[in-house]
Amino acid sequence: MTMHANPANILEHLNERQPGMSLPQALYISEANFQADIEHIFYRQWLFAGHSCDIPNAGDYLNVNVGRESVVIIRDKDEQVYAHFNVCRHRGSRIVSEPAGNAKTLVCPKTLVCPYHQWVYTPDGRLRGARLMGEGFDCSSYRLRPVHVRDIAGLLFICLADNPPDIAGMMDAFGPQLRPHGLNHAKVIARHSYDVNANWKVVIENNRECYHCQVSHPEFCLSNFDYGVNGDPRSDAKYAELLDRSYAHWHELGLAPAEVSFPDGAPYRVSRLPLKEGFVTESIDGQAVAPALGNLPTVDVGSLRLIALPNLWAHANGDYAMTTRVTPVSAHHTRIDVAFLVHEDAVAGQDFDPERVAYVWKMTSEEDWELCENNHAGICSQGYQPGPLSPLTENSVLAFYDWYEATLRESLTEQYVPDVTNSHLGVSDVSSQ
């Protein structure tokens, strides 16, 4: 059953937010507030859904869950990628149940066939056949309901809203810097999935600061500096000099590095950062763990960091890339999917060891999930009160709060009747859909 959220209560919780402090407790632990997050953020924003190399062939599909929704992303014979709600237009059955696969059928190759009454759909959503529907039945009137999808240099994003936010800025920021890594022709060689007992915002907050890194992430800190995190004003002369030298070197390699950090409150960031001396990648010993990605001329290209709120962070090194997808399940439960990619021609056991590729980020991720669960447990206590953020290391957390509040308020304003104090109205009662 869907939990209804009283808009007046949500706005009241947002109004309780104090400048420079962590969020009010209800925004983390209330199931009604969680449902508002799903309806007004995850159903309306662009979401990272997977990798284009996960569906290289005609008929390959991914099945992505968002709240109570299921979305099928599928490639057709012309290499176009489409996305649809996973809902048959007959009586609403889910069409695919597996998380990934290929739409192979004996009668109609490369089509999606509903298992209930065998209605047949082409990858672009057209109803190709509907058995026993009688003379004159118009298949053209029953396409699958489309979902917006974009492929940004190998990363697939979907938006469930009828009118999605503009994604052109993110495409322009990510594309030129990520494209040389060739993720659209890479391959996923390891996947780690986690069920984390924490609210999704706790998980994002943790990623948005490195206040905790020196103590909690020894593997990550071997290769990475404290500096370079968005909103962290700390630096020193040696790091600034290294950054200047690195930018000059990357320009020489044709990589077009640029810092694009949440422009005008937009929900994305991309930045190529240098690694510590002796490290050409984020590995435990600093040495490459796989051949150079894409068409990179060398593995030693620093580490490209990408953030796309509300559910992606990724690091693209010269030899491997790591993506993390965040999927809220409840106010107290978040699903995390971490994937590792290498060059499509790299051979396991010869060119790379999957465990060595994943080692630093497996350790770092699992350290983070423990921190997040501990943090969330404390937030659930009656002893919790919002605490002060560090002006030196947590400005990016504050920026996340600002984006979250602005996004939630804007959606509430668009979807709800003007009198939001009318307490009998729930999310589904006044939805425009």
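Would you mind listing the strands (runs of 3 or more DSSP E) fully within the range 55-96 where at least 2 residues are of a type outside the set (S, T, N, Q) and closer than 28 Å to ALA32 by Cβ?
Qualifying strands (runs of 3 or more DSSP E): 60-66, 69-75.
Outside any loop (DSSP other than H, G, I, E, B) and over 15 Å from the mean Cα position of the chain (by Cα): which single residue out of LEU255, LEU242 fits that description? Please lay out each step first, then the result.
On the way: LEU255 fails: outside any loop (DSSP other than H, G, I, E, B).
Within the list LEU255, LEU242, the selection yields LEU242.
When residues of the range 116-151 are filtered for being farther than 24 Å from TRP46 by Cα, in a loop (DSSP other than H, G, I, E, B) and not charged (D, E, K, R), how many remain?
Count: 12.
Only residues that are surrounded by 18 or more Cβ atoms within 10 Å (Cβ to Cβ) and among the polar types (S, T, N, Q): list them for the range 256-306, please.
SER271, THR281, SER283, SER303
Looking at (1) out of contact with any helix residue (DSSP H, G or I) (no Cβ under 9 Å at 6 or more places or on another chain); (2) closer than 25 Å to ARG269 by Cβ; (3) at pLDDT 95 or above, which is the only condition ASN395 fails?
In the conditions (1) out of contact with any helix residue (DSSP H, G or I) (no Cβ under 9 Å at 6 or more places or on another chain); (2) closer than 25 Å to ARG269 by Cβ; (3) at pLDDT 95 or above, ASN395 misses (3) alone.
Mind telling me which of the residues TYR28, TYR61 ends up being closer than 21 Å to LEU155 by Cα, surrounded by 20 or more Cβ atoms within 10 Å (Cβ to Cβ) and touching a Lys or Arg at 6+ places or on another chain (Cβ under 8 Å)? Steps first, answer last, please.
Numbers: TYR28 fails: closer than 21 Å to LEU155 by Cα.
Unique residue meeting the criteria: TYR61.
Would you check which residues across the range 345-361 are surrounded by 14 or more Cβ atoms within 10 Å (Cβ to Cβ) and assigned to a helix (DSSP H, G or I) and list them?
PRO354, ARG356, VAL357, ALA358, TYR359, VAL360, TRP361
Within the range 309-344, track down each residue that is more than 12 Å from the chain's Cα centre (by Cα), buried (at least 22 other Cβ atoms within 10 Å of the Cβ) and within 30 Å of ASN33 (Cα to Cα).
ALA331, THR334
Please go through the range 235-246 and pick out each residue that is surrounded by 12 or more Cβ atoms within 10 Å (Cβ to Cβ) and under 26 Å from ALA399 (Cα atoms).
Pass one, the range 235-246, residues surrounded by 12 or more Cβ atoms within 10 Å (Cβ to Cβ): 235, 239, 242-243, 246.
Hits for the range 235-246 are SER235, TYR239, LEU243.
Counting only residues that are at pLDDT 90 or above and among the β-branched types (Val, Ile, Thr), which one in the range 203-229 is nearest to LEU309 (Cα to Cα)?
Out of the qualifying residues, it is ILE204.
The values are calculated or read from the model by the stated rules, or taken from the named source; none is laboratory data. Worth saying up front: this structure is predicted, and the values here are computed from it rather than measured. Positions of Cβ are backbone-derived with ideal geometry, glycine not excepted, and every protein chain shown enters the neighbour counts.
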